[in-house]
1. Give, as residue ranges, the strands (runs of 3 or more DSSP E) completely inside region 63-154 that count at least 2 residues that are surrounded by 16 or more Cβ atoms within 10 Å (Cβ to Cβ), in contact (Cβ under 8 Å) with a residue 12 or more places away in the chain and of a type in the set (D, E, K, R).
2. Being among the aromatic types (Phe, Trp, Tyr) and at pLDDT below 95 narrows it down to one residue among PHE63, PHE40, PHE86; which is it?
3. Name every residue in region 31-55 that is more than 15 Å from ILE139 (Cβ to Cβ) and hydrophobic (A, V, I, L, M, F, W, C), in order of residue number.
4. Answer with yes or no whether GLU100 is acidic (Asp, Glu), modelled with pLDDT of 95 or more and within 22 Å of ASP31 (Cα to Cα).
Amino acid sequence: MKKLIHTMLKAGPLFLIITFMISTGCQQQPDYSKELKPLFEKYYDVWRTGNLDDLNAIMDPNFTRHSDPGTSAEGLVNLKKLISEFRAIYPDFKLESNEEIYSENKFAGRWTMTFPSASAGREISIWGVNIIHFKNGKIVEEWDGFDNQSFMEQLGYIMMPPAAEKE
């Protein structure tokens, strides 16, 4: 019995340390996608369908979209205008989310957009990424970037180096 008590005293602290490490190191992180994914999906659906009224429930009125000068927007009214204008130019586009990462109040993802182009005579495909920030159950900010060079090349534009300076 004395030997058992001695062994337990020696192993006890080690057992407690291992138990503590397992219990704290294996804690599950919260699944932020449960709260944020429905907002993200509704936002992408608005781009796909043009149902602008759906934005009222998911967007902060002071929403800001950071992108290239042609697709940035300040405020919900300007975002609605941007989406309407985009859909008028590309009514048959398809938007697909390829990769999604959720963290506390943030989303980061990669997307692909395809659409037929009469001028190019074929379907155009571009990829992009965006980071979306959430606050109080609303989308408050978006950072968006896409492969603009590939987009222009598929439309038939050619990249030219700047003209050499004359001496």
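The values are calculated or read from the model by the stated rules, or taken from the named source; none is laboratory data. These figures come from a predicted structure and were not determined experimentally. Neighbour counts are summed over all protein chains in view; Cβ atoms, including those assigned to glycine, are modelled from backbone coordinates with ideal geometry.
1. Working: elements: 94-103, 106-117, 122-135, 138-146.
Filter on region 63-154 gives 138-146.
2. PHE86
3. Those that are more than 15 Å from ILE139 (Cβ to Cβ) and hydrophobic (A, V, I, L, M, F, W, C): none in region 31-55.
4. When the stated conditions are applied, GLU100 passes them.
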